[in-house]
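Worksheet for the structure shown next.
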There are 4 protein chains.
Amino acid sequence: MVGGGEGAFIGAVHRMAAALDGEIELVCGAFSADAERSQRSGAALYLDARRVYDSYTHMMAAEAALPATERMQFVAIVTPNNLHFPVAEAALRAGFHVLSDKPATLDLAQSLELRSLLRETGLLYGLTHTYAGYPLVKEARARVATGELGTLRKIVVEYPQGWLADNQEAQDNKQAAWRLDPAQAGVSSCMGDIGVHAANLAEYVSGLQIIQLCSDLTSFVPGRTLDDDGAVLLRFNNGAKGLLHASQVCVGEENALSLRVYGDKGGLAWTQQEPNTLWLKTNDRPAQMLRTGGAYLGSLASLNTRTPMGHPEGYLEAFANLYCAFAEQIRAYELGETPGERGQDCPGIEAAIRGMAFIELAVAASNSEQKWHTFSTQLSNEE
Amino acid sequence: MVGGGEGAFIGAVHRMAAALDGEIELVCGAFSADAERSQRSGAALYLDARRVYDSYTHMMAAEAALPATERMQFVAIVTPNNLHFPVAEAALRAGFHVLSDKPATLDLAQSLELRSLLRETGLLYGLTHTYAGYPLVKEARARVATGELGTLRKIVVEYPQGWLADNQEAQDNKQAAWRLDPAQAGVSSCMGDIGVHAANLAEYVSGLQIIQLCSDLTSFVPGRTLDDDGAVLLRFNNGAKGLLHASQVCVGEENALSLRVYGDKGGLAWTQQEPNTLWLKTNDRPAQMLRTGGAYLGSLASLNTRTPMGHPEGYLEAFANLYCAFAEQIRAYELGETPGERGQDCPGIEAAIRGMAFIELAVAASNSEQKWHTFSTQLSNEE
Amino acid sequence: MVGGGEGAFIGAVHRMAAALDGEIELVCGAFSADAERSQRSGAALYLDARRVYDSYTHMMAAEAALPATERMQFVAIVTPNNLHFPVAEAALRAGFHVLSDKPATLDLAQSLELRSLLRETGLLYGLTHTYAGYPLVKEARARVATGELGTLRKIVVEYPQGWLADNQEAQDNKQAAWRLDPAQAGVSSCMGDIGVHAANLAEYVSGLQIIQLCSDLTSFVPGRTLDDDGAVLLRFNNGAKGLLHASQVCVGEENALSLRVYGDKGGLAWTQQEPNTLWLKTNDRPAQMLRTGGAYLGSLASLNTRTPMGHPEGYLEAFANLYCAFAEQIRAYELGETPGERGQDCPGIEAAIRGMAFIELAVAASNSEQKWHTFSTQLSNEE
Amino acid sequence: MVGGGEGAFIGAVHRMAAALDGEIELVCGAFSADAERSQRSGAALYLDARRVYDSYTHMMAAEAALPATERMQFVAIVTPNNLHFPVAEAALRAGFHVLSDKPATLDLAQSLELRSLLRETGLLYGLTHTYAGYPLVKEARARVATGELGTLRKIVVEYPQGWLADNQEAQDNKQAAWRLDPAQAGVSSCMGDIGVHAANLAEYVSGLQIIQLCSDLTSFVPGRTLDDDGAVLLRFNNGAKGLLHASQVCVGEENALSLRVYGDKGGLAWTQQEPNTLWLKTNDRPAQMLRTGGAYLGSLASLNTRTPMGHPEGYLEAFANLYCAFAEQIRAYELGETPGERGQDCPGIEAAIRGMAFIELAVAASNSEQKWHTFSTQLSNEE
């Protein structure tokens, strides 16, 4: 693990998610650039002090030098955004698979470079778009894929939060500080931190791609150079229209990601704060409430559920599902096999590139008087 | 009453709303241009056959000829949009106050002309933006007005419906047919029928005015010339941003109007399908659930509530509140007095004009490659 | 109308319910035993002063003396409980049908006597168990009747309120005062005022009869002689078990009547504060959310709905449904016909008797050390 | 770990809960009495084959023979009920602390004996009443303790499930089979499996003790000797009244544990299927919705929360909280210290005894014609 020392939020989340199913063991880490802090963090995690490093470059070198059966199998990157690419690059060059927090890199160019590196090394890459880990999000995707909703027409995805409604970044809130610092966060705060989750969720569930957008981003809190709010009109590659709204200044909102997808036969709705319920609706029959653990759910939803109906699973379980999928990819890789359905179902480099392209285009479009902005066709899988 | 014969939806709603409180009595009507149908409708309503007319022009003339104590006191207009203005004009010219269904007229020009007529005659005009009639919508407005939410930053208003997801207009659904016919509905179906309610709700509660918009309207169902869906980015006169989404093709949605307003101190949320709950949220205290009938509510909410907490009031009660307010205006008018708080709280000609301007600008902006479109300053109260 | 003068709650509710559909007109009233107050109340309702009476006996006599086409057609009784029987008796003896607020009478004996009077006079009697008026309660009953839930096993009905958690009766709250006064309310406050609604709802929806009960009633607030809270174990005539809980001291609860019914194939749930939703559940399929106005609903639900889906109907509409049903009974009576489905669906004298028996037995059982108490078989329809 | 081999439900839950926070490592197990199956289970968990045992007696002996730094520190018991006591006894006699699934033992006598053993050995005992592990259940307890609700009057606790509505036990459902087998489950299925959770939750949150009860248990599904449903009237030691309802045959219900507590100043409500919300209500102010992670929550709620507001925590996190508390107890024990607030907050032997007494009395009371049944005073802490 790189990053995630004392006081970090997402590092602890990654560790719990990795530990939950007993399939992954934390064996080493470079938790901080401050050697002493890194050691303290490692000690608190019961790690062998020799495998707690003061830099990721040292870690890559030292671990690569260990016997194959002892060394780490992959690197989890949980640093601020600006380090995602250099750490991933170092890991890949040292022969390690990479599981990275989002957004993938500091900018789109780095993501494209990362794709080249992955093609070069043949190693694995996973991106923790957490919300794709929820069982009912997987069910939603499956229902769309079967055509149950008909041809998709309209997608509404929202991600309001309220925690940055005042200048937390000036009040010793480290989580706020780096997210609002262009050097660490990139060109966007709101779109980069949460809008990108929303865009990924819309594409993951719909199976569609955003091809055009029109956006209006705002920095409401004085002193900020990055956006803390934004609304984006979307157009998808099948002709569907969409709406993406994300904010860090919607006072009183917690982490209110939600998705609605409408086709010409049916609609669905899911909301992250009550993740164990998925709505399927038509015009002429009663709405159906699908629940995590239901015997009527598809295979991916079932494979990603740990407890019976009515035993709520949450954010950490969703996160753990991504770790399980990535672990399955690694096992298959080592056996020279194709991973199973669950293993294949983990956001990877294409999601990484699309996310970075979304962020950059949303920012550019907001600064433009032109209404519609089109994604470059160079983003597609074929080079 | 003009319009609202057999089989009409909104006519029956107006009649129930008017009857609920025992303050208003239906005394005459031109329910249909088909004389026989008008008589049948009137008979079903226990009206004196002599006061059931075959045209609104006949009605105005005949009623105006009755002694002052016998004639009707105001005209309720419940026809398709294209008749709103001519009927209102005829009523005003005959000396009758007008309570009209929305949207006010077929186009903006008619609304401006209506304003001139009202200034000329000094008569009263009310517009049934039903949702402004709910007690907790009034409470929301009151809370914003006191500054409890701080400076407003963001407004999200949605109005998804699903009933026009297929071509109902070709299936003998009269409600669908006229709404999708430009001759009867005007330049818009979705924005004209429901988007205008959403825009009014946002302005009513926030006390702000939309000054710029960017829109993307769609006709999803083949064969339609008018929009059945749309998303609109909004900018308000205090610098707040907004988002309006309305649709008639969101399969499975009923009448899901909802509003969220966020300021720098607090946020609020209300949804029409559970109208007796209003949420007030901050970042640092538990969210508060306000309920219709609560002793802690302000005067307008209380004046517009009929039963104790937990006895749900609904759409008809909200509608009846507009009738009560208009009745109070008439009483005050007749006494030469200023109506009380409740009487003043009824959408009137300014809401009518703003609504028509919104519809026209949303359509124009959707057809344009230019991003932002600005409302004419001529709309303001001062000519 | 008898009762319901200035400041009364349920009188105004009855008037709005009666007025809503334009089928019933209030023509006379004895609103208070205080002649002046009665006149003031009548004037506020725009009644002819000659038909505003200072006592119900005067009203019965005077109205009966009017020509048949002018006199009132039925009496609505909205007094405290102790007057329900004497007024009903006077009305029936004067030849008027009766629509009475609940509970039917002051004690069971009066209800049995009322049944005799009805048989004697052949007149009509309706009892406003409001909650049976909701469209989805009717749908629930219909679904049970078709066997969709299988054999019923378990019924849970609750009715918590909080408004009497302190001694409101000593604080000039008239609504509280008479409900807690044995002379006006009878042997029970909580069971008599709301428990009886809950019992009726359980029997109405299930189509079953309670045959045994075990109860524990309490007077929590010092100084009260009547119960303000109670829990009752139920046994039904098909072997199903049940649970009824009602309270006036559950602080923070509004009017939280709810019902759950479980059979061996399915379950249903409905709650009065969100009356437009009915849940149908099975073990192996997604739960279904039925909504007022849904095209999939049965005839009684549809006949008792006024607006399309998503336009919430509430308490007053439910109440109005009882008035409509009773009006239909009267029309059929006058034509010598059998009322239609809707007209037949109004609680009558049998519900009245069962309700009074429930109240008396719940109180008796609570005072007993014996566990189970059995309803007298004399209550049944056959004499 | 004893029990929890392949296909078991609760064993896997315990393992995930133990692993989540990286504080506890599974080091050995007797997963099945079938040696081969136990080994297969251990291998799947990456355990050293030498520490996978074919019986708990072997495990206790072998582990006790290991050096102190290598041997296990405590035993987690996840077998059917009949083995809880013998395994606990063996563990304690071998010097190991015990964390046991509920209900504590097969009957009350065993629980009392267990208490003696604990006093004798001085070792630690924890009981996994999962629902006491939720942060907002802890907050509810804290709010009651501060007197915010005033003097408690009424407690309603429910636990409906539907999964045993047909004879699953005859359909190769192992989870069903042992729960309905008196030899493995004890005198009760419904009360023993879930009613006891409900009773514990009521006492945990209220800080009160049930002193009397009246019960009506049922076996709805033909062929069962144990109850699959029950309702229990409760009386608490401060004079409060209560109602407990649990069922395994409420078709369509998942795991719908919920609790409502009302005092003379306020009420609270919590439901397990939406565990991150706690309601606090009064009569004169808006209801407050408390949310997991809120800065306004007390210390125990905060200590038992892993992620920020809006990142839902669920059943496994609640379970893990019990493991964390027990781990803290062990650390304190080994240091000869008193555990901190979190460590002390784990159900122990007193909860075990009260639970077994509740089960036995509920069954006895149901079989009796006597209404009220009183708990023995011998259950109290003082012998």
Check: Only one of (1) within 14 Å of chain D (Cβ to nearest Cβ); (2) closer than 25 Å to A:Glu350 by Cβ fails for A:Met16. Which number is that?
Finding: (2)
Notebook entry, point to check: What number goes with the only condition from (1) acidic (Asp, Glu); (2) surrounded by 24 or more Cβ atoms within 10 Å (Cβ to Cβ); (3) closer than 30 Å to A:Leu217 by Cα that B:Glu313 does not pass?
Noted result: (3)
Notebook entry, point to check: In segment B:360-379, how many are out of contact with any Lys or Arg (no Cβ under 6 Å at 6 or more places or on another chain), within 14 Å of chain A (Cβ to nearest Cβ) and in a loop (DSSP other than H, G, I, E, B)?
Noted result: 3
Check: Quick one: is B:Ile24 within 27 Å of C:Ala12 (Cβ to Cβ), within 24 Å of the chain's Cα centre (by Cα) and of a type in the set (Val, Ile, Thr)?
Finding: yes
Next item on the list: Output the residues belonging to segment C:83-128 that are within 21 Å of C:Phe358 (Cα to Cα) and among the hydroxyl-bearing types (Ser, Thr, Tyr).
Entry: C:Ser100, C:Thr105, C:Ser111, C:Ser116, C:Tyr125, C:Thr128
Item checked: Residue selected from segment D:339-354 under the condition in contact with a helix residue (DSSP H, G or I) (Cβ under 7 Å, 6 or more places away or on another chain) and part of a loop (DSSP other than H, G, I, E, B), by the criterion surrounded by the fewest Cβ atoms within 10 Å (Cβ to Cβ) -> D:Gly340
Note to self: For A:Val75, only one of the following conditions fails: (1) surrounded by 23 or more Cβ atoms within 10 Å (Cβ to Cβ); (2) more than 21 Å from the chain's Cα centre (by Cα); (3) of a type in the set (A, V, I, L, M, F, W, C). What is its number?
What the structure shows: (2)
Next item on the list: Scan (1) crowded, with 24+ Cβ neighbours inside 10 Å; (2) away from every other protein chain (no Cβ under 13 Å) for the single condition A:Ala185 breaks and write down its number.
Entry: (1)
Next item on the list: Among the residues of segment D:132-161, write down those that are surrounded by 24 or more Cβ atoms within 10 Å (Cβ to Cβ) and either out of contact with any strand residue (DSSP E or B) (no Cβ under 8 Å at 6 or more places or on another chain) or part of a loop (DSSP other than H, G, I, E, B) (or both).
Entry: D:Ala132, D:Gly133, D:Tyr134, D:Pro135, D:Lys138, D:Leu149, D:Gln161
Check: Of all residues in segment B:18-52, which are of a type in the set (A, V, I, L, M), closer than 20 Å to B:Gln175 by Cα and surrounded by 17 or more Cβ atoms within 10 Å (Cβ to Cβ)?
Finding: B:Ala30
Check: Which fully enclosed helices (runs of 4 or more DSSP H) of segment A:34-127 have 1 or more residues being modelled with pLDDT of 95 or more and in contact with a Pro (Cβ under 9 Å, 6 or more places away or on another chain)?
Finding: A:56-64, A:84-93, A:108-121
Check: If B:Val156 passes every condition in (1) farther than 26 Å from B:Arg15 by Cα; (2) out of contact with any Cys (no Cβ under 9 Å at 6 or more places or on another chain) but one, which one does it miss?
Finding: (2)
Checklist line | Condition met for A:Met356 (of a type outside the set (Ser, Thr, Tyr) and within 14 Å of chain D (Cβ to nearest Cβ)) | finding: no
Checklist line | Matching residues in segment C:138-164 - criterion: being within 17 Å of the chain's Cα centre (by Cα), farther than 30 Å from D:Pro222 by Cα and within 13 Å of another protein chain (Cβ to nearest Cβ) | finding: C:Tyr159, C:Pro160, C:Gln161
Note to self: What are the pairs with Cβ atoms under 6 angstrom where one residue, in segment D:60-76, is aromatic (Phe, Trp, Tyr) and the other, located anywhere, is assigned to a strand (DSSP E or B) and buried (at least 17 other Cβ atoms within 10 Å of the Cβ)? Sequence gap at least six, or different chains.
What the structure shows: D:Phe74/D:His97; D:Phe74/D:Leu99
Notebook entry, point to check: Any idea which residue in segment D:166-182 is nearest to C:Ala287 (Cα to Cα), counting only those that are in a loop (DSSP other than H, G, I, E, B), within 14 Å of chain C (Cβ to nearest Cβ) and out of contact with any Lys or Arg (no Cβ under 8 Å at 6 or more places or on another chain)?
Noted result: D:Asp166
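To keep it simple, each residue is scored yes or no on (1) at positive phi; (2) assigned by TED's automatic domain parsing to the domain that holds A:Thr105.
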position: A:Leu123; (1), (2): no, yes
position: A:Gly147; (1), (2): yes, no
position: A:Thr151; (1), (2): no, no
position: A:Val157; (1), (2): no, no
position: A:Trp163; (1), (2): no, no
position: A:Glu169; (1), (2): no, no
position: A:Pro182; (1), (2): no, no
position: A:Gly186; (1), (2): yes, no
position: A:Leu201; (1), (2): no, no
Item checked: Single residue of segment A:53-65 satisfying the filter (hydrophobic (A, V, I, L, M, F, W, C) and either within 10 Å of A:Cys28 (Cβ to Cβ) or not assigned by TED's automatic domain parsing to the domain that holds A:Ala76 (or both)) that is surrounded by the fewest Cβ atoms within 10 Å (Cβ to Cβ) -> A:Ala62
Notebook entry, point to check: Residue check, A:Ala357 against (1) outside any loop (DSSP other than H, G, I, E, B); (2) surrounded by fewer than 24 Cβ atoms within 10 Å (Cβ to Cβ); (3) outside the structural domain of A:Ser247 (by TED's automatic domain parsing), all met but one. Which one?
Noted result: (3)
Check: Is there a residue in segment D:10-19 that is closer than 21 Å to D:Glu89 by Cβ, in a helix (DSSP H, G or I) and out of contact with any strand residue (DSSP E or B) (no Cβ under 8 Å at 6 or more places or on another chain)?
Finding: yes
Item checked: Residues within segment C:274-313 that are away from chain D (no Cβ under 14 Å) and not in a loop (DSSP other than H, G, I, E, B), tallied -> 7
Note to self: Return the residues of segment A:238-273 that are more than 22 Å from the chain's Cα centre (by Cα) and either more than 26 Å from A:Val187 (Cα to Cα) or part of a loop (DSSP other than H, G, I, E, B) (or both); say none if nothing qualifies.
What the structure shows: A:Asn238, A:Gly239, A:Ala240, A:Val251, A:Gly252, A:Tyr262, A:Gly263, A:Asp264, A:Lys265, A:Gly266, A:Gly267
Check: Considering segment D:223-252 alone, what residues qualify as being within 7 Å of chain C (Cβ to nearest Cβ) and closer than 28 Å to A:Asn276 by Cα?
Finding: D:Asp229, D:His245, D:Ser247, D:Val249, D:Cys250, D:Val251, D:Gly252
Checklist line | Filter result (within 14 Å of chain B (Cβ to nearest Cβ) and either assigned to a loop (DSSP other than H, G, I, E, B) or closer than 17 Å to A:Ala104 by Cα (or both)) within segment A:188-222 | finding: A:Cys190, A:Gly195, A:Ala198, A:Ser219, A:Phe220, A:Val221, A:Pro222
Notebook entry, point to check: Scanning for something of a type in the set (D, E, K, R), more than 12 Å from the chain's Cα centre (by Cα), closer than 30 Å to C:Ala109 by Cβ and surrounded by fewer than 23 Cβ atoms within 10 Å (Cβ to Cβ), does segment C:318-332 turn up at least one residue?
Noted result: no
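The values are calculated or read from the model by the stated rules, or taken from the named source; none is laboratory data. In this text the structure is predicted, and so the values were computed from the model without any measurement. Backbone-built Cβ (ideal geometry, glycine too); neighbour counts: all protein chains shown.
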